Amino acid sequence: MHPNPVFHDADTAKNITFARKRGFGVLATNGAAGPLMSHVPFLLNDTGDIADLHLVRSNPIARALAEPIAVKLAVVGGDSYVSPDWYGVEDQVPTWNYVAVHLTGVLELRPTEELLDLLNRQSAFYEDRLLPKPPWTTDKMQDETMRKLMRMIVPCRITITSVDGTWKLSQNKPDAVRLAAADGVDLHGFGAETDIIAQMMRAATGG
């Protein structure tokens with residue numbers, strides 16, 4: 001997380017809403033030989049204190065789950081390079097704007113009996129965004145194929161103990177300067193979802 005408190009102006013509810021809608025992040029923990037990381041889809045409950053996910057059995061993190069382990073789940077949104085020239089004022093330096101939420105907690109294995117329900121809830125959550133397309137459901141799979149796939153994965157749960165977010169959107173700049181930079185990001189920025197970052201910069205307050 002960025003150390004400047006100016007960029008931590010989002011409350012917990014906003015951070016949780018962002019992470020829940022994003023639904024995908026980087027799961028990280030400490031391993032014997034160094035950090036272990038895995039890119040995972042997840043479901044975050046309404047109160048933001050439980051994240052359900054599944055891992056492939058051969059995943060090093062899954063193998064480390066003989067007992068619960070401390071983890072961090074980093075959920076990243078759009079990002080963009082910001083050129084000093086876009087501010088329209090002197091004595092500025094290059095930077096990178098982005099949104100990221102970190103969910104910290106304890107990861108544990110869940111009973112195998114919960115796996116099918118987890119897969120059904122995950123697919124329903126994602127497929128709902130594709131309406132009016134009829135949603136994909138697990139009952140479209142042949143039973144043996146489904147059983148084979150389910151043997152390859154394990155259900156997991158993170159009990160979340162803290163939520164922190166960085167919303168670095170040039171809110172440390174005067175409004176006119178921030179808005180000028182947002183136009184530059186919209187027209188020339190590079191990164192991921194630069195148009196969304198530009199919109200967020202325009203909506204940010206501060207400076």
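Every number in this text was worked out from the coordinates using simple rules, so none of it is lab data. Fair warning: this is a prediction, and the values are worked out from it, not measured in the lab. Counting neighbours? That spans all protein chains shown, and the Cβs are built from the backbone with ideal geometry, glycine included.
Quick notes
- Figure legend. Inter-residue proximity from the stretch 69-93: first residues without any contact (Cβ under 8 Å) to a residue 24 or more places away in the chain, second residues part of a strand (DSSP E or B) and polar (S, T, N, Q), beta-carbon distance below 9 Å, spacing 6+ or different chains. Indicated pairs: Pro84/Thr95.
- Considered as a group, the residues in the stretch 50-91 that are in a helix (DSSP H, G or I) and in contact with a strand residue (DSSP E or B) (Cβ under 6 Å, 6 or more places away or on another chain) include one that is surrounded by the most Cβ atoms within 10 Å (Cβ to Cβ), and that residue is Ile61.
- Set Val163, Val185: member being in contact with a helix residue (DSSP H, G or I) (Cβ under 6 Å, 6 or more places away or on another chain), within 30 Å of Ile69 (Cβ to Cβ) and in contact (Cβ under 8 Å) with a residue 40 or more places away in the chain: Val163
- Looking only at residues in the stretch 1-49 that are aliphatic (A, V, I, L, M) and touching a Ser or Thr at 6+ places or on another chain (Cβ under 7 Å), the one that is surrounded by the most Cβ atoms within 10 Å (Cβ to Cβ) is Leu27.
- Output for the stretch 22-49, where each listed residue is within 24 Å of Leu115 (Cβ to Cβ) and outside any strand (DSSP E or B): Arg22, Gly23, Phe42, Asn45, Asp46, Thr47, Gly48, Asp49
- Going through (1) assigned to a helix (DSSP H, G or I); (2) among the hydroxyl-bearing types (Ser, Thr, Tyr); (3) under 30 Å from Leu179 (Cβ atoms) one by one, Tyr98 falls short only on (1).
- Selection of helices (runs of 4 or more DSSP H) fully inside the stretch 106-207 by the criterion of at least 2 residues being more than 18 Å from the chain's Cα centre (by Cα), hydrophobic (A, V, I, L, M, F, W, C) and crowded, with 18+ Cβ neighbours inside 10 Å returns 115-127, 175-188, 194-203.
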